Every structure is written in structure tokens, then in C-alpha cells.
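Engineer: One structure, as C-alpha cells, below. Some questions next.
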Amino acid sequence: MTWLGRLLRRDRVERQLDAELRDHLERLTNDYRRSGLSEREARRRARLEFGGLEQVKEECRDVRGTRWLDEIVQDLRYGFRLLRQSPAFTFVAVASLALGIGANSAIFALVDGVLLKSLPVREPQRLILLDDGSWTNPIWEQVRARQLEISDGAAAWNDVRFDLARAGATEFVEGLWTSGSFFDVLGVPAVLGRTFTVADDNRGGGPDGPVAVISYAFWQRRFGGEASVIGQTLTLDRTPFTIVGVTPPSFLGPSQGRSFDVAVPLGTQAIVRGPGHWLDDRSTWVLEIMARLKPGQTVELATSALRSVQPQIREATLPDGWPQPMLDQYLKEGLTFVGAAAGPSGFRTRYQQPLWIIMAVVAIVLLIACANIANLMLARAATRRHELTLRLALGASRFRIARQLLVESLLLASLGGVLGLLFARWGSWIIVRQLSTPRSTVVLDLTLDWRVVGFTALVAVVTALLFGVAPALRMRRVDPNDALKEQGRTFVGEGRHSIGTWLLGAQVALTLVLVVGAGLFVRTFGKLATLDIGLDKDAVLVVDVDLSQTSVDPEARHALYERVRAAAAAVPGVAGAGLSLITPVSGAGWNGPVELKDRPEVPTRERMTFLNSATPGWFATYGSRLRAGRDFDARDVDGAPAVAVANQTFIRRYVKGDPLGQIVRFERGPEGVQPVQIVGVVQDAAYRSVRDPIPPVLYLPLLQAHTKGPGRLNLSVRAASGSPVLLTRSVAAAISQVDPDLSLTFRPLAAFVDGALVRERLLAMLSGFFGGLALLLAGIGLYGMTSYSVNRRRAEIGIRMALGAHSSSVVALMFRRIAWPVGLGLVIGAALSYWASRYVTTLLYNLDARDPATFFGAAVFLCAVSAVAAWLPARRAARIDPARVLREA
Amino acid sequence: MTTPKSDLPQGTLDLLILKIVGLGPLHGYAIAQRLQQISRDVVQVPQGSLYPALHRLENRSLLVAEWKLSDTGRDAKFYRLTRKGRAFMQEETNSWHRLTAAVGLILDAAEGEPS
């Protein structure tokens, strides 16, 4: 029998041991009886000769080698019984542990999914990424031609949204343009059908025509997981594609935080987009380029291999129309590879710092919870002291008693950990939903893998040690003799320097850090959310108009724009409409340097202006008022004098005197320097993002001088009243009457603005929530401490009152009790917050990380919470009836 | 109880038990009886302390036990020597003889020495 078997059959083993020993005693007794002794005498002699039955049993158990396990089972049983006996304590302890551990697991699942996890592909550590930014397709084709000199193969891709609809309103799916080598280089096989071959990537499609590979999730969602999906046709941007394969469920795409539904080869863009494709465009920077290291090759070796062919790559891909200095820079700038085991991700860059901060926050919350439970355990240990010392006196070893206390802690922590894991699943799911914006759905692999479960288990054990060690250590210092004499009347947690006081002080300090942090993030969010961006965000519906499928000639485009605008403006309920090239606060931008005649020495970087093209009525649509001059009108068309409207910042920075009628010159890409006359000044409004300070912006008439029509335009529609979203249907109908080949995407402007604040909202929400949780925990801790103190000093208070102490002085007595830990905690907490502020500076908006008002406010708030927590039990102390207490004593 | 009693040297009890059980399967009480008979009441251990030793030997797979009907009409636990136990007993017996011979030599020599 193995020790495990013996443990499992413990009862049987015990029964057999008992039977064996009794059998022996019986035989011995019988022999004595037979030799003529009386029954009683025979029994006495037998027992004498045999020795103590229980001692023998104990020795036999020792021999078994399962004693420690037996004892732990005993400890566990005992622990369970104790927890059942004090349900209130158990509930508070398990609930705060579940919250603390759960919060840690939830955030860790996110940290794991976003920051730590590698791509689910073959040997992800061999993947490298062409660093810093995106690349043009001509660059990719040059890299592709030399990929085997550089590495073990290279791949490129670009995120895109495809429209599944055959006509009319759009139905978007997340798409990827990929090189033919993409799935092979990443090492992602097909679970059904095949992935791409290099031939599929030929311009205009491979031997099987335009083909598509779909993701597992999309296969399940749209095709119900039918195997017959292979060979079916999928319409993407009005072009039919043949589905040839399905990727494994674990593969969500190359970038974390984003998933894909459909991948198609880059070369098919020539069919989908027609002449509008960017495959030969030397200034369209959209591709990510990844490569796989040869066995044994390092990132540095791959980079130097790339550098050796860099001149050819650069020479062959010089962007058109760039000024000479920029071209020189382009040729010079070294290409670099970086490791990319986790895939590239803008999402990761954006959320790295916030995630670590929140991870620290939840760790602190758990520490606060631990301090609470340690205090509770200390108080309980005090009331159990009599029981424990009795056991010591009866011969239990100190180790055994300390272990008993630790086992109880572990029991609590395990219960908390299991509940916490459930809480974590739910919590991380909620957070991911909060991260998604109308424009990008965030998808993360958050399945509970061994790392999250392992992390939770580790946290639970460490937690148990943290709050279990203090009472266990105290136990070791008790002399059983003294303790027995005291009859359980002594208590711990007294005096200025007791463990309890220090725990409470630490709790207050950590809570202050979290409250200060929450204050900073909430105020940042508040500032951003109420920022005056100069746009009526609640009145405007933004329509993305995709012109790539229209049959209208580029020459006749201007007329088409005007027809679209007029059709939208004529819809009932529409107060105004305008078209522009760039959508405000969408993240998109277009800029160029302004020529300053009188100050030619100013470097290019310091004389940039942002640009946009708009139709008449566009400013009014956004509620932007003209400060001087006029809006664009019917005069500003091709052939008429070039005009512009500038915003106030532009005027302040670049124009002297009366701006109206002045000529400004700016560099406009390949068209060179262009002079325009300022005919109007418009009030400042946010351009690219809500957060950025408002930049100088020069608006040009959309209907003037556009040789090649843009593939996309923004149509903005202002609702006369009510929600602009309600206009969607009628505007879509009106535009499809003008040209049914335009595909349209509708979004309210408010969605862009809110989408820009996702990170700030998340930080504010989480830090606020956990700050509140910390306050609650600290409050419970203070309440418990005071309450305990009141109970312990009942007799003393009774006597004081009998001698004439006023009830207010009793309350003051109780308050003095917590003044020391709270004061100490505030000082330490302020110092900690001051130190930690350096890590959050970049996440704040218009707010100093050491903002005195926030620090002061947090301290006052914390004091108020402490006062309430102490006042509740103190009031009870003041109501003690001295007569009753004295009678009890 | 008149004969002087000696304490058993460390480990000797195990060897004695193995030797006794080696003659045939026995239950605990019988082993205790034989121990007393063989040692002619010189060696006396409290009978209870036999059991930890028996269980230890069982744990080390030197003995196996099975429950069989005994003369009292009830099941009793009978111990039997395993092959491993027999080998162990041989080895221990030899080393016991070597040790006692050596100790005897030293003691005899010491007595013969003129002081």
C-alpha cells in the first residue's frame, strides 16, 4: 500500500489497527485468566504488560509516514468547522479575498492577453517585424524579391474593412490584405481547405481567381461551421471571392486586440479597387512587414542582412514628388528588424502603461484586503487564545499550532481564489467590452489558461501567507503558563506599536495612494469629456462615402459631390450638410509646411499647418462660426482664384495684420508651393483628436483643383433636432438615388469623440472602482478595529462613565485610538503617492500628477471615511450603561 | 520477574522479529510469546512496542500481513516473511555475528591484559 492508498483507506487502516491490538490484549488476558487469575486481575496485568493502547496506536501511526497528511486533514476539518461557526467573519474574509484575488486575475488575464502572450503560431519567437511604422507596397515587393537573402521568408499585411453587401447599406467585416506567403511564414495551417500560395497573390488573382481565407470564428458565425463552405463565393467590396480555407480557432490575426474575419491576397486589390488600388503607390504607407528568422539567426543578423540590400530597396521605391531633403533622409534612414513574438499591436502600445498601472492598483487593493483579514485573524486569535494555549499545554507543538493557523488562512484564501476566478472571468470580459469602440472591436484571447489559473493560485497562496503569518508568529510568543492564568482575558492589537496599528496605518497609506490615483484619472477624464472641441458633437451624423466603385468619371466628380451634398441637405429633418476630405477627430490628418516670407529661417517642423478640403456649408454643419470674412460658396470652383479659410490658431501663428485678402503659401505635396488667398476666419475646433491642442488649420474648397478624385469622402449631416442617428435611413435612400454604387458608413460624431476617450474612461472607471473598493476595505478595517477596542474596554469605559465621564469624552477616547494609525498612514501615503506620480504623468490631461488639490481632497475624503468608520462603534461605546457593566464585573 | 532484564540494543528487535516470523506465519501475540520463550525471559519489551516494529517492517516490505481465521475463531493478522525480508535477515544476521565476534574478542583480550 502506498502512503496515498493508506491515506485514502484511512478508516479501514484504523479499524484494523484497533482490531489487531485488541486481539493481542484479549489473548494476553485469556492466558492470565487460564493461569488462575481473577477476571479483573487478568485484565489489569494484561494492560500493564501491553502498555498504553493509545500510545501504541500513535507509535504505529507515526510508522505509517502519513502522519503529516493526517494532521493536515485534521487541521482542514477543524478549520472548516471554525469557519462555519463564525459565518460573518468567513463571509467578510472570503468576499474581500474574492474581490481582491478576482481583480488581480482579471487584470492579469488582460496583461497576459495583451502584453505577454505570444501569437499562436509555429515558433513565434522567430518572428521579426520591420520596425517603426508602415510601409508601401513597392517597398514590400522589393523586400519580397530579397526575402531569402534576409531571412527564412517574409510576409506583409494590412488591416482593412470589407463590405459584404452586394448593394446598398454596408455590412462590414474585419479583413486583411495579405501577401501570398503570409500564412506559411507565420506558420498558421488551415483547419479546412488550404491557405494562400504565392501564385494566389498575382495581380488580378491566381490560377483559381480571387480567393479568400476565412477565420474560424467567421466560419462558425456566418456558415454555421459547414464543411461545404470551401468553394463558396463571398462578395467583398462588390467583388466575388472564392473561399479556399479556414484558419484554426486559436489564430485571431497578426495584431493583438484585433481579430480578422476574411483574408485576401494583396494582388487581388487590383480587381477590387480597380485603378484606385495602391499597389504601385509609393506614398501609401499601410503595410506591416514581418519575417521569420533562419534557424540560429539573431534579430541583429537579420537587420544587417537587410541593411546590405537596403540601398537597392530604397532606390527602387523613392516616393514621388517628395522634396530633395526628404528623399535624402529616406535613402539614409536605416531599416531595422525587431522581435515580434507577440505580433505588432498599436493596441498594446496604447494600453501597456495603463494596464501595468491597473495591475499595480489591484495588487494594492489585495494588500489592503490582506491587512484587513490579518487584523481580523489577530482579533480572532486573541479570543481563541485560551483554546490555543490549552492545546499548547496539552502538548501540541508550537509548530503544529502555527500550522493550524496557516491552514486556516490557506483555506480562506482558496475559497477566495476559486470565487475570485469566477469573478475574474466576468470582470475581464466587461473590461474588454469597455475597450471596444464603434470603429474597432477589440477581441482578445482571454480563455482561462494555465497561466491565469496558476497566477491566481500563486496570488492566493501568497495572500494566505501574508495574512496568516502575523497571527501565527504571535502565537509562538505566548507562554502557555501565563496564557492559562489569563483565562482568555487578554487581547492583542493594543498600544501604539502593535501589529494591528501598523497594519491599519499601512492600509490607510495604500488607500490614499489609490484614492489620489483615482482622483487624478477621474479628473482627467472629466476634463476631456467636457472639453470644448468647437464641434457640435451631438448634432452631427458622419457618413463615410466610399467612391471606389462608382462609374462616374473623375472629371465629373465635382458635380457628383454637389449632387450628393444637395440630396442629403434636402432630406427632411436635416439642417445642413457638407462634404470634406478629412473627418474631424477621426485620427486622420493631412499637413504641409507654410512659407513664411519674413522668417525663412524657421525650420519646417515649426511652420506646419494642417489642411482639409470642404464644401460650402460644412462649417455650419459642425456649428463652427466664422469670425471674419465668408464661407466657401459657388464661386470657389475650378479655374477661380484659389482661396482658403483659416482657423484662429493659424491666423495667430502665421498671419500679421488683417488676415482677409492676404495671400499665404504652403507646400502641397507633388503640386509644389501653392498660393491661396484667405477669405474667411473660422473659430478653432479639434482637428485630428480631442486630446491634442488645436493646431493651425487651413481649409481649402473641395471643389477646387483636385485632379484625381479621392477614393473616400466625409459627408457630414446636421440634424435639425433630436438624435442624428435617426437620419441614417433617409439619408442613405437619398444618396443611393444619386448614385447606387456609393457605399456608405454611418456614425454619429459623438461616437468618434467618445471613442477617442476609451483609454481615459477605462482608467477613470477602474481606478475609481478600485479606489472605492480600497476605501470600503479600509473603512471596514477601521470599523472592526474600533469596534473591537470598544468591546475590550467596555469595563473601563463603564467605570469612567460611572465616575462622571461625559459621552463625548468617551467618543474622543475611541477616536484617539485610530488617530495614530490614520495620521501615520496619511503621511506615508502622501509620500508614496508623490513618488508614484511619475508613472502616471503621461496619462493625465492638463493636470499635474502632484496636483495639490487632488492630494488634499483625497486626504480629506479618507479622513471623513475613517471618522464615519470609527464613529459608529464609538457611539455604541458612549451608550454603554455603566450600571450594567459594573454588575457584570 | 526475578531474572535481571536487559534493554535491547538498537535494531535488534527488528532482527529478532524477522527471525521468528521466518519460521512460519504468526500473529502478533504469538510473536510476542515466542520472543519471550526464545530469550528465556531475559529480554523483555512491553508487548505493545512490538507493533510499531511490526508495522515498520511491513512498511518496508520485509513482512507482509494477511487476515486469517485463527484458533480463537476470529480473524487475526498473520505476518509472513517476504523474499526481501529473508535476504535482509540473512545480511543482518551475518553482520550481527561479525559485530558480536569482534566485540567479544575485544572484551576477552581486555580481560587477559595485565593491568
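The values are calculated or read from the model by the stated rules, or taken from the named source; none is laboratory data. Computed from a predicted structure; not experimentally measured. Neighbour counts run over all protein chains shown; Cβ positions are idealised from the backbone, glycine included.
Engineer: Quick one: would you say A:ILE799 is hydrophobic (A, V, I, L, M, F, W, C) and within 23 Å of A:GLU888 (Cβ to Cβ)? First the steps, then the outcome.
Structural biologist: On the way: hydrophobic (A, V, I, L, M, F, W, C): yes; within 23 Å of A:GLU888 (Cβ to Cβ): yes.
Yes.
Engineer: Working only within the stretch A:115-133, note down all residues that are outside any helix (DSSP H, G or I) and either touching a Leu at 6+ places or on another chain (Cβ under 6 Å) or modelled with pLDDT of 85 or more (or both). Please lay out each step first, then the result.
Structural biologist: If we filter the stretch A:115-133 for residues that are outside any helix (DSSP H, G or I), which is where we start, we get A:117-123, A:127-133.
Listed by number, the residues that qualify are A:VAL121, A:GLU123, A:LEU127, A:ILE128, A:LEU129, A:LEU130.
Engineer: Let me ask something else. Test of understanding: among A:LEU448, A:LEU435, A:LEU406, A:LEU392, which residue is modelled with pLDDT under 85, touching a Pro at 6+ places or on another chain (Cβ under 6 Å) and at negative phi? So that I can check it myself, show each step before the final result.
Structural biologist: On the way: A:LEU448 fails: touching a Pro at 6+ places or on another chain (Cβ under 6 Å); A:LEU435 fails: touching a Pro at 6+ places or on another chain (Cβ under 6 Å); A:LEU406 fails: touching a Pro at 6+ places or on another chain (Cβ under 6 Å).
Selected residue: A:LEU392, the only one of A:LEU448, A:LEU435, A:LEU406, A:LEU392 that is modelled with pLDDT under 85, touching a Pro at 6+ places or on another chain (Cβ under 6 Å) and at negative phi.
Engineer: Restricting attention to the stretch A:33-52, which residues are in contact with a helix residue (DSSP H, G or I) (Cβ under 6 Å, 6 or more places away or on another chain) and not small (Gly, Ala, Ser)? Spell out how you get there, then give the answer.
Structural biologist: Step one: list which residues in the stretch A:33-52 are in contact with a helix residue (DSSP H, G or I) (Cβ under 6 Å, 6 or more places away or on another chain), which gives A:33, A:42-43, A:45-46, A:49-51.
If the condition is that a residue be in contact with a helix residue (DSSP H, G or I) (Cβ under 6 Å, 6 or more places away or on another chain) and not small (Gly, Ala, Ser), then A:ARG33, A:ARG43, A:ARG45, A:GLU49, A:PHE50 are the ones that fit.
Engineer: Looking at the stretch A:217-236, which of the residues that are over 33 Å from the mean Cα position of the chain (by Cα) and part of a loop (DSSP other than H, G, I, E, B) is surrounded by the fewest Cβ atoms within 10 Å (Cβ to Cβ)?
Structural biologist: Step one: of the stretch A:217-236, the residues over 33 Å from the mean Cα position of the chain (by Cα) are A:226-235.
The next check asks that each one be part of a loop (DSSP other than H, G, I, E, B); those that pass are A:226, A:230-232.
On the way: A:GLU226: 12, A:ILE230: 17, A:GLY231: 10, A:GLN232: 13.
By that ranking, first place goes to A:GLY231.
Engineer: Just one of A:ASP112, A:ASP75 is farther than 30 Å from A:THR511 by Cα, in a helix (DSSP H, G or I) and not hydrophobic (A, V, I, L, M, F, W, C); which is it? Steps first, answer last, please.
Structural biologist: Details: A:ASP112 fails: farther than 30 Å from A:THR511 by Cα.
Among A:ASP112, A:ASP75, only A:ASP75 is farther than 30 Å from A:THR511 by Cα, in a helix (DSSP H, G or I) and not hydrophobic (A, V, I, L, M, F, W, C).
Engineer: So for the stretch A:575-591 (the condition being in a loop (DSSP other than H, G, I, E, B) and aromatic (Phe, Trp, Tyr)), does at least one residue qualify?
Structural biologist: yes
Engineer: Do you know which of the residues in the stretch A:169-216 that are part of a strand (DSSP E or B) and free of Cβ contacts under 8 Å to residues at least 60 places away in the same chain is farthest from the chain's Cα centre (by Cα)? Step through it out loud before you land on a result.
Structural biologist: Here is the first cut: in the stretch A:169-216, the ones part of a strand (DSSP E or B) are A:172-178, A:192-193, A:206, A:209, A:211-214.
Next, only the ones that are free of Cβ contacts under 8 Å to residues at least 60 places away in the same chain stay: A:192-193, A:209, A:211-214.
Numbers: A:LEU192: 33, A:GLY193: 36, A:GLY209: 41, A:VAL211: 36, A:ALA212: 32, A:VAL213: 30, A:ILE214: 27 Å.
By that ranking, first place goes to A:GLY209.
Engineer: Looking at (1) more than 9 Å from chain A (Cβ to nearest Cβ); (2) touching a Gly at 6+ places or on another chain (Cβ under 9 Å), which one does B:ASN94 not meet, given that it meets all the others?
Structural biologist: Only one criterion in (1) more than 9 Å from chain A (Cβ to nearest Cβ); (2) touching a Gly at 6+ places or on another chain (Cβ under 9 Å) is unmet by B:ASN94, namely (2).
Engineer: If you check A:ARG33 against the conditions, is it more than 7 Å from chain B (Cβ to nearest Cβ) and part of a helix (DSSP H, G or I)? Before you say what the answer is, go through the steps one by one.
Structural biologist: Values: more than 7 Å from chain B (Cβ to nearest Cβ): yes; part of a helix (DSSP H, G or I): yes.
For A:ARG33, the condition - more than 7 Å from chain B (Cβ to nearest Cβ) and part of a helix (DSSP H, G or I) - is met.
Engineer: Within the stretch A:620-634, take every residue that is under 17 Å from A:ALA566 (Cβ atoms) and not small (Gly, Ala, Ser) and give me the one that is surrounded by the most Cβ atoms within 10 Å (Cβ to Cβ).
Structural biologist: Kept after step one, since they are under 17 Å from A:ALA566 (Cβ atoms), are these residues of the stretch A:620-634: A:620-621, A:631-634.
Add one more test, that the residue is not small (Gly, Ala, Ser), and what stays is A:621, A:631-633.
Numbers: A:THR621: 29, A:ASP631: 21, A:PHE632: 26, A:ASP633: 13.
Selected residue: A:THR621.
Engineer: Going through the stretch A:634-665 one residue at a time, which ones are of a type in the set (S, T, N, Q) and within 17 Å of A:PRO695 (Cβ to Cβ)? Full working, then the answer.
Structural biologist: Of all residues in the stretch A:634-665, those of a type in the set (S, T, N, Q) come to A:647-649, A:662.
Residues satisfying the conditions are A:ASN647, A:GLN648, A:THR649.
Engineer: Considering only residues that are at pLDDT below 65 and within 11 Å of chain B (Cβ to nearest Cβ), look in the stretch A:1-25 and name the one that is surrounded by the most Cβ atoms within 10 Å (Cβ to Cβ).
Structural biologist: Among residues in the stretch A:1-25 that are at pLDDT below 65 and within 11 Å of chain B (Cβ to nearest Cβ), the one surrounded by the most Cβ atoms within 10 Å (Cβ to Cβ) is A:ARG6.
Engineer: Quick one: is A:ALA156 surrounded by 20 or more Cβ atoms within 10 Å (Cβ to Cβ) and within 30 Å of A:VAL543 (Cβ to Cβ)?
Structural biologist: no
Engineer: Any idea which residue in the stretch A:62-72 is farthest from the other protein chains (Cβ to nearest Cβ), counting only those that are assigned to a helix (DSSP H, G or I) and touching a residue at least 12 places away in the same chain (Cβ under 8 Å)?
Structural biologist: Of the stretch A:62-72, the ones assigned to a helix (DSSP H, G or I) are A:62-64, A:67-72.
Now drop any that are not touching a residue at least 12 places away in the same chain (Cβ under 8 Å), which leaves A:64, A:69-72.
Working: A:ARG64: 7, A:LEU69: 15, A:ASP70: 15, A:GLU71: 18, A:ILE72: 20 Å.
Top of the filtered list is A:ILE72.
Engineer: Taking into account only those residues within the stretch A:577-591 that are on the phi < 0 side of the Ramachandran plot and in contact with a helix residue (DSSP H, G or I) (Cβ under 6 Å, 6 or more places away or on another chain), which is surrounded by the most Cβ atoms within 10 Å (Cβ to Cβ)? Working first, answer last.
Structural biologist: Restricting attention to the stretch A:577-591, the residues satisfying the condition of being on the phi < 0 side of the Ramachandran plot are A:577-584, A:586, A:588-591.
Now drop any that are not in contact with a helix residue (DSSP H, G or I) (Cβ under 6 Å, 6 or more places away or on another chain), which leaves A:577-580, A:586.
Details: A:ALA577: 28, A:GLY578: 25, A:LEU579: 24, A:SER580: 21, A:SER586: 19.
Within the stretch A:577-591, the match that is surrounded by the most Cβ atoms within 10 Å (Cβ to Cβ) is A:ALA577.
Engineer: Select from the stretch B:57-76 the residues that are at the interface with chain A (Cβ under 7 Å from one of its Cβ atoms) and crowded, with 20+ Cβ neighbours inside 10 Å and list them in ascending order.
Structural biologist: B:ALA76
Engineer: Could you list, ordered by first residue, the pairs with Cβ atoms under 9 Å in which the first is in the stretch A:553-564 and surrounded by fewer than 17 Cβ atoms within 10 Å (Cβ to Cβ) and the second is polar (S, T, N, Q), at least 6 apart or interchain?
Structural biologist: From residues that are surrounded by fewer than 17 Cβ atoms within 10 Å (Cβ to Cβ), the pairs are A:PRO554/A:THR707.
Engineer: In this structure, does A:ASP320 turn out to be acidic (Asp, Glu), part of a loop (DSSP other than H, G, I, E, B) and either closer than 15 Å to A:TRP135 by Cα or out of contact with any His (no Cβ under 8 Å at 6 or more places or on another chain) (or both)?
Structural biologist: Numbers: acidic (Asp, Glu): yes; part of a loop (DSSP other than H, G, I, E, B): yes; either closer than 15 Å to A:TRP135 by Cα or out of contact with any His (no Cβ under 8 Å at 6 or more places or on another chain) (or both): yes.
Considered against the rule, which asks whether it is acidic (Asp, Glu), part of a loop (DSSP other than H, G, I, E, B) and either closer than 15 Å to A:TRP135 by Cα or out of contact with any His (no Cβ under 8 Å at 6 or more places or on another chain) (or both), A:ASP320 comes out as yes.
Engineer: In addition: Out of the residues in the stretch B:19-40 that are more than 13 Å from chain A (Cβ to nearest Cβ) and touching a Phe, Trp or Tyr at 6+ places or on another chain (Cβ under 7 Å), which is nearest to B:LEU50 (Cα to Cα)?
Structural biologist: In this case the residue turns out to be B:VAL21.
Engineer: Out of all the residues in the stretch A:592-624, which are assigned to a strand (DSSP E or B) and among the small types (Gly, Ala, Ser)?
Structural biologist: We begin by selecting, within the stretch A:592-624, every residue assigned to a strand (DSSP E or B); these are A:592-595, A:608-614.
Within the stretch A:592-624, A:GLY592, A:SER613, A:ALA614 meet the criteria.
Engineer: Pairs please, first residue from the stretch A:758-778 and surrounded by fewer than 23 Cβ atoms within 10 Å (Cβ to Cβ), second anywhere and assigned to a helix (DSSP H, G or I) and among the acidic types (Asp, Glu), Cβ atoms under 8 Å, 6+ apart in sequence or on different chains.
Structural biologist: A:ARG761/A:ASP754
Engineer: Between A:LEU832, A:LEU826, A:LEU862, which is at pLDDT 90 or above, at negative phi and in contact with a Cys (Cβ under 9 Å, 6 or more places away or on another chain)?
Structural biologist: Working: A:LEU832 fails: in contact with a Cys (Cβ under 9 Å, 6 or more places away or on another chain); A:LEU862 fails: in contact with a Cys (Cβ under 9 Å, 6 or more places away or on another chain).
After applying the criteria, what remains is A:LEU826.
Engineer: Something else about it: Return the total of residues in the stretch A:712-750 being small (Gly, Ala, Ser), within 28 Å of A:ARG273 (Cβ to Cβ) and surrounded by fewer than 17 Cβ atoms within 10 Å (Cβ to Cβ).
Structural biologist: Summing the residues that are small (Gly, Ala, Ser), within 28 Å of A:ARG273 (Cβ to Cβ) and surrounded by fewer than 17 Cβ atoms within 10 Å (Cβ to Cβ) in the stretch A:712-750 gives 1.
Engineer: Being among the small types (Gly, Ala, Ser), under 19 Å from A:ALA155 (Cα atoms) and under 35 Å from the mean Cα position of the chain (by Cα) narrows it down to one of A:SER283, A:SER250, A:SER259, A:SER304, so name that one. It would help to see each step written out before you state the result.
Structural biologist: Working: A:SER283 fails: under 19 Å from A:ALA155 (Cα atoms); A:SER250 fails: under 19 Å from A:ALA155 (Cα atoms); A:SER304 fails: under 35 Å from the mean Cα position of the chain (by Cα).
Answer to the selection: A:SER259.
Quick grid of which residues meet (1) over 30 Å from A:ALA379 (Cα atoms); (2) within 13 Å of chain B (Cβ to nearest Cβ):
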| residue | (1), (2) |
| --- | --- |
| A:GLU39 | yes, no |
| A:ALA46 | yes, yes |
| A:GLU49 | yes, yes |
| A:GLU59 | yes, yes |
| A:LEU83 | no, no |
| A:VAL94 | no, no |
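Engineer: State all residues of the stretch A:546-561 that are assigned to a helix (DSSP H, G or I) and more than 17 Å from A:ASP633 (Cα to Cα); if no residue qualifies, say none. Working first, answer last.
Structural biologist: Of the stretch A:546-561, the ones assigned to a helix (DSSP H, G or I) are A:554-561.
Hits for the stretch A:546-561 are A:PRO554, A:GLU555, A:ALA556, A:ARG557.
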